[in-house]
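Below you'll find the structure, written out as structure tokens, and then a few comments.
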Amino acid sequence: MLTIEGLTAHYGAAQALFGIDLTVPAGQTVALVGANGAGKTTLLRCVMGLLRPSGGTVRLDGADVTGSAPAAMVRRGLALSPEGREVFGRLSVAENLALGALPLKLGAKELDLRRAEVFARFPRLAERREQLAGTLSGGEQQMLAMGRALMARPRLLLLDEPSLGLAPLITDEIFAIIHQLGRSGVTILLVEQNAARALAASDAAFLLANGRVVEHGASARLLTDPKLRAAFLGAASHDSPAASRLGAAGLTNLRLEKPDMAQQNFMPPFATVEALHAHQLKGLQWTVRHAWEGSPFYRQRLEAAGIAPETITSLADLRRLPFTTADDLRDGYPFPLRAVPFEQIVRIHASSGTTGKRKVLCYTQKDLDDWTHFFARCYQMAGVTPLDRVQVAVGYGVWTAGMGFQLGAEKLGALAVPVGPGNVDMQLEFLRDFQSTVFCSTASMALLMAEEIHRRGIADQIAVRKVIYGSERSSRSMRRKISELFGGAELFDITGLTELYGPGTGIECADHDCIHYWGDYYLLEIIDPETLQPLPDGEWGEMVVTTLCKEGAPLIRYRTRDITRIIPGRCSCGSLLPRHSRIRGRSDDTIKFRGVNIYPSSIDTILSAVPGLGSEYQIHLTRDDASGRDQMRLVIERGEGVEARRTPELVHEAGHQIKKQLLVSAEIALVDYGSLPRSERKSRRVFDTRIEDEIV
Ligand code: ZN
């Protein structure tokens with residue numbers, strides 16, 4: 001219908017268009033996309049006859065209409081809805097509409113008929129027909145501008161920036177109308193600042209830059225062309241003025257679809273373990289110097305240990321550094337370990353403070369960026385993609401948890417559903433209505449949800465395919481139960497602690513036999529919690545961490561109290577990243593029972609292996625006043641559907657296994673499935689009412 005050939009245009013001496021070739025086939029919607037100043041509006045003005053081209057031709061249905069006056073163009077079936085609406089504020093809606101048909105010199109009857117057509121399309125304008133246009137909202141003025149153009153019953157409608165300055169909801173409405181117009185056979189040439197919208201709403205598109213067509217083709221192809229996206233997104237992501245102009249013109253919206261996971265990688269770039277070690281040494285040297293220079297606490301500690309930053313020359317020097325503990329953090333309240341001025345601190349987080357003062361940690365923007373980056377890596381390792389919907393059911397606020405899960409999900413490009421902890425009914429409602437595919441919570445909460453889904457019989461309405469849980473030990477049988485009740489969801493244990501950024505400092509890989517930790521962000525050592533001596537790889541002990549690039553509150557040999565072991569060698573999943581076993585407990589919550597140190601996790605392991613037992617249990621430790629002997633009583637749920645008559649057999653087997661593997665005797669009591677309390681946070685399992693020796 002419209003054919004433009006070699007069109008050039010000048011504003012005085014300045015050339016605005018350089019030989020534009022463009023066609024608009026009848027019945028199609030064609031978009032013109034480009035930055036401010038690219039020449040889009042100039043082109044429309046040339047077509048409409050508002051600006052005389054300096055060269056080239058404009059043909060309408062084959063007839064040369066180059067340089068025709070606007071009124072003549074209207075009579076030939078063109079109409080323009082201009083940028084900025086240009087409605088007449090002192091005239092009513094009805095009067096503004098009449099102006100659109102002015103060049104056609106219609107009779108009153110025909111005018112009324114056409115107005116009725118426009119009102120049918122824009123019911124909101126009908127309601128406001130006598131209202132002055134100046135009192136309409138931006139969206140209504142846009143409707144009026146479009147309605148006025150439609151009064152001429154154009155065959156080709158030129159729409160200049162219809163969504164400019166409109167709220168997203170109104171933009172949706174405007175685009176719905178454009179869509180309807182297109183379907184009703186109106187040919188549309190659409191100039192739109194929002195490139196994503198324009199491409200999505202059109203059949204074909206022309207990309208303009210500096211007065212030239214730089215790309216054109218089917219919109220669907222342009223939408224998904226990675227080269228195109230890279231060109232525009234790349235430009236918009238740099239700090240150059242040209243880029244910000246692209247951004248201002250909405251071209252950042254060329255992020256049209258979720259990023260392709262194949263083009264995103266949050267894994268470290270190291271090809272060899274040696275390269276990782278070289279990176280770690282640099283990080284260690286930086287951290288010691290940074291702490292020494294920035295933190296009075298660390299300066300004093302390091303000096304007392306006889307350490308000067310320049311004496312750190314190998315990773316083995318790590319062992320010479322003094323430990324940092326939770327007590328150091330509490331003693332330094334409110335801003336312990338701070339190593340940068342407050343001007344650089346953008347956020348604090350704090351631990352829940354169940355014991356003593358809270359542990360408060362300072363973050364610089366870089367710290368937050370690093371955390372976000374490696375949290376996205378967690379999702380990547382768990383196989384979460386930008387198409388996933390991640391329901392975050394852990395704590396928000398001063399705690400690090402929710403924030404980390406959310407930032408990482410958004411960084412990845414996934415859809416985050418930030419619910420926070422608890423609120424089972426709302427969680428279920430969102431799982432069902434939003435079709436969340438990833439559920440993040442504590443293990444206890446995941447079990448609680450899984451059981452609730454099962455109880456309500458809504459498993460077939462839930463789309464969860466991955467459960468990412470952390471901050472709590474979980475037994476094998478608990479994992480099995482969660483996975484099963486979530487319809488076979490894959491489980492990923494995620495690690496982390498507030499002192500070390502927050503959650504997300506490591507995660508189980510798809511091979512499910514270890515936790516990969518981010519050795520490019522921190523060093524991990526395992527020490528004997530009693531002697532404080534480093535333990536060889538493979539031995540269980542306390543995890544000690546040293547950060548490599550943390551600015552706000554660096555950690556030097558921080559004792560986490562978490563019990564784990566380093567797994568030597570390369571993982572079967574192929575990742576180069578180092579790994580440790582699942583956290584087995586905390587060095588300060590081992591149970592001392594009749595001279596034996598017992599990790600609660602070993603009881604998990606033993607009970608999980610007895611078929612017929614449920615995943616929930618409690619350990620009650622009491623002391624017999626008369627004999628002074630400690631007693632252990634295990635209260636265990638029978639598995640779901642396991643008959644009560646099997647109780648004696650199960651009691652015997654559980655007692656036998658405990659005795660055999662832990663070398664201690666325990667009284668076993670079985671209770672019905674579901675009778676032990678479920679918690680949305682961490683389930684309490686150990687009830688120790690013995691008088692501690694030290695207190696006597
Ligand atoms: Zn692995």
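The values are calculated or read from the model by the stated rules, or taken from the named source; none is laboratory data. From a predicted model like this one, the values you see are computed outputs, not experimental measurements. We place every Cβ from the backbone using ideal geometry, glycine too, and count neighbours over all the protein chains shown. Each accessible area value is taken on the protein alone, full model and side chains, heavy atoms only, with ligands, DNA and RNA left out. Shrake-Rupley method; radii C 1.70, N 1.55, O 1.52, S 1.80 Å.
Any residue at all in region 434-457 that's more than 16 Å from the ligand (Cβ to nearest atom) and free of Cβ contacts under 8 Å to residues at least 12 places away in the same chain? So far as region 434-457 goes, yes, one or more of its residues are more than 16 Å from the ligand (Cβ to nearest atom) and free of Cβ contacts under 8 Å to residues at least 12 places away in the same chain.
From the residues in region 340-390 that are among the hydrophobic types (A, V, I, L, M, F, W, C) and assigned to a loop (DSSP other than H, G, I, E, B), which one is nearest to residue 288 (Cα to Cα)? Residue satisfying both the conditions and the ranking: 340. Candidates 85, 76: the one that is under 43 Å from the mean Cα position of the chain (by Cα) and either open to solvent by less than 40 Å² (accessible area, probe 1.4 Å) or of a type in the set (Lys, Arg) (or both) is 85.
The set of residues in region 513-530 being in contact with a Phe, Trp or Tyr (Cβ under 8 Å, 6 or more places away or on another chain) and within 16 Å of the ligand (Cβ to nearest atom) consists of 518, 520, 524.
For region 20-27, the criterion of being surrounded by 14 or more Cβ atoms within 10 Å (Cβ to Cβ), closer than 16 Å to residue 79 by Cβ and touching a Pro at 6+ places or on another chain (Cβ under 9 Å) is satisfied by no residue at all. In the set 576, 670, only one residue is modelled with pLDDT of 90 or more and within 16 Å of the ligand (Cβ to nearest atom); that residue is 576.
Of the residues 668, 658, 619, 603, the single one that is outside the structural domain of residue 446 (by TED's automatic domain parsing), touching a residue at least 60 places away in the same chain (Cβ under 8 Å) and surrounded by 11 or more Cβ atoms within 10 Å (Cβ to Cβ) is 619. Considered as a group, the residues in region 30-46 that are at pLDDT 90 or above and touching a helix residue (DSSP H, G or I) at 6+ places or on another chain (Cβ under 8 Å) include one that is nearest to residue 12 (Cα to Cα), and that residue is 32. Whenever a residue of region 14-35 is at positive phi, it has no partner that is of a type in the set (A, V, I, L, M, F, W, C) and loosely packed, with under 15 Cβ neighbours inside 10 Å lying with C-beta atoms less than 6 angstrom away and at least six residues away or across chains. Among all residues of region 561-582, there is at least one that is out of contact with any Phe, Trp or Tyr (no Cβ under 7 Å at 6 or more places or on another chain), under 23 Å from residue 330 (Cα atoms) and open to solvent by 40 Å² or more (accessible area, probe 1.4 Å).
For region 376-417, filtered to residues that are within 16 Å of the ligand (Cβ to nearest atom) and open to solvent by 10 Å² or more (accessible area, probe 1.4 Å), the residue that is modelled with the lowest pLDDT is 383.
Looking across region 472-496, the residues that are within 16 Å of the ligand (Cβ to nearest atom) and open to solvent by less than 30 Å² (accessible area, probe 1.4 Å) come down to 491, 492, 493, 494, 495. Of all residues in region 302-339, those satisfying the criterion of being in a helix (DSSP H, G or I) and touching a Leu at 6+ places or on another chain (Cβ under 9 Å) are 302, 309, 315, 317, 318, 328, 329. The criterion of at least 1 residues that are of a type in the set (Lys, Arg) is met, among helices (runs of 4 or more DSSP H) falling completely within region 30-143, by 40-48, 70-75, 108-121, 123-127. Residue count for region 497-512 under the criterion of being within 13 Å of the ligand (Cβ to nearest atom) and crowded, with 21+ Cβ neighbours inside 10 Å: the result is 4. Within the span defined as region 199-206, one or more residues are crowded, with 24+ Cβ neighbours inside 10 Å, assigned by TED's automatic domain parsing to the domain that holds residue 40 and part of a strand (DSSP E or B). Within region 531-550, the set of residues being in contact (Cβ under 8 Å) with a residue 60 or more places away in the chain and either within 16 Å of the ligand (Cβ to nearest atom) or surrounded by 21 or more Cβ atoms within 10 Å (Cβ to Cβ) (or both) comprises 544, 546, 547, 548, 550. Taking region 431-447 as the range and being in contact with a Lys or Arg (Cβ under 9 Å, 6 or more places away or on another chain) and surrounded by fewer than 22 Cβ atoms within 10 Å (Cβ to Cβ) as the test, the residues that pass are 434, 435, 437.
Which members of region 595-617 meet the condition of being touching a strand residue (DSSP E or B) at 6+ places or on another chain (Cβ under 8 Å) and closer than 17 Å to residue 563 by Cβ? 597, 598, 599, 600, 601, 603 - these are the residues of region 595-617 that are touching a strand residue (DSSP E or B) at 6+ places or on another chain (Cβ under 8 Å) and closer than 17 Å to residue 563 by Cβ. The residue of region 179-214 that is modelled with the lowest pLDDT, among those that are among the β-branched types (Val, Ile, Thr), out of contact with any Ser or Thr (no Cβ under 7 Å at 6 or more places or on another chain) and within 14 Å of residue 159 (Cα to Cα), is 186.
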